[in-house]
Amino acid sequence: MSDKPGFTIKDTSELDRDYGKWVLVRRSLGIESFGINIVELAAGEDIPEHNEVDRDQEELFYVISGSPTFVIEGEKHPAGAGTFARFDPEIRRTVVNHGDEQATVMIVSAPRSSGYEPMSWA
């Protein structure tokens, strides 16, 4: 779409998809201050269970489509499109698609030490 100094606009179809089920949003847009990617999970797929202690990353997951299940510290939490889930770095988590259709989940992350300061009204 558009890639000029100071901004980048791309359609989802233009994003880097060279890593299987991962859509590399951050890399495709040249984002440097936070991580953002999309994972497309076919029926039966998951992402590796993990925590983010080593990188001190707080993560936010957003279910774009489908009905995946968040497994948090071994406990299952079914989710549908429109669901947000936030995780401290220490929490072990994964996303599993037990459904029959693809589940698409966006994951945003940044170190807690990033220095982010919310606007007063937010």
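Things to note:
- In the range 53-73, residue surrounded by the fewest Cβ atoms within 10 Å (Cβ to Cβ) [restricted to those that are of a type in the set (Asp, Glu) and within 18 Å of TYR116 (Cα to Cα)]: ASP56
- Residue check, GLU52 more than 22 Å from GLY99 (Cα to Cα) and among the acidic types (Asp, Glu): yes
- The set of residues in the range 86-109 that are closer than 23 Å to LEU29 by Cβ and among the aliphatic types (A, V, I, L, M) comprises VAL95, ALA103, VAL105, MET106, ILE107, VAL108.
- In the condition set (1) in contact (Cβ under 8 Å) with a residue 24 or more places away in the chain; (2) touching a Ser or Thr at 6+ places or on another chain (Cβ under 6 Å); (3) of a type in the set (A, V, I, L, M, F, W, C), ALA81 is compliant with all but (1).
- Residue that is surrounded by the fewest Cβ atoms within 10 Å (Cβ to Cβ), among those in the range 26-45 that are under 22 Å from ARG55 (Cα atoms), in contact with a strand residue (DSSP E or B) (Cβ under 6 Å, 6 or more places away or on another chain) and in contact (Cβ under 8 Å) with a residue 24 or more places away in the chain: PHE34
- Hits in the range 91-122 (condition: of a type outside the set (S, T, N, Q) and over 18 Å from ILE47 (Cβ atoms)): ASP100, ALA110, PRO111, ARG112, GLY115, TYR116, GLU117, PRO118, MET119, TRP121, ALA122
- Every test in (1) free of Cβ contacts under 8 Å to residues at least 40 places away in the same chain; (2) under 29 Å from MET1 (Cα atoms); (3) touching a helix residue (DSSP H, G or I) at 6+ places or on another chain (Cβ under 8 Å) is passed by ASP11 save one, and that test is (3).
- Of all residues in the range 87-102, exactly one satisfies the criterion of being under 15 Å from HIS50 (Cβ atoms) and exposed (fewer than 11 other Cβ atoms within 10 Å of the Cβ), namely GLU90.
- Some residue of the range 91-106 being out of contact with any Lys or Arg (no Cβ under 6 Å at 6 or more places or on another chain), among the small types (Gly, Ala, Ser), in a loop (DSSP other than H, G, I, E, B) and over 24 Å from ARG17 (Cβ atoms): no
Yes/no per residue for (1) over 15 Å from the mean Cα position of the chain (by Cα); (2) within 25 Å of GLU32 (Cβ to Cβ); (3) surrounded by 15 or more Cβ atoms within 10 Å (Cβ to Cβ); (4) among the aromatic types (Phe, Trp, Tyr):
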| site | (1), (2), (3), (4) |
| --- | --- |
| GLU75 | yes, no, no, no |
| THR83 | no, no, yes, no |
| THR104 | no, yes, yes, no |
| PRO118 | yes, yes, no, no |
| ALA122 | yes, yes, no, no |
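- Exclusive hit being modelled with pLDDT of 95 or more and within 30 Å of ASP3 (Cα to Cα), set SER114, SER28: SER28
The values are calculated or read from the model by the stated rules, or taken from the named source; none is laboratory data. What you are looking at is a predicted structure, and each value in this text was computed from that prediction instead of being measured. Cβ coordinates were reconstructed from backbone atoms using ideal geometry, including for glycine residues, and neighbour counts include every protein chain displayed.
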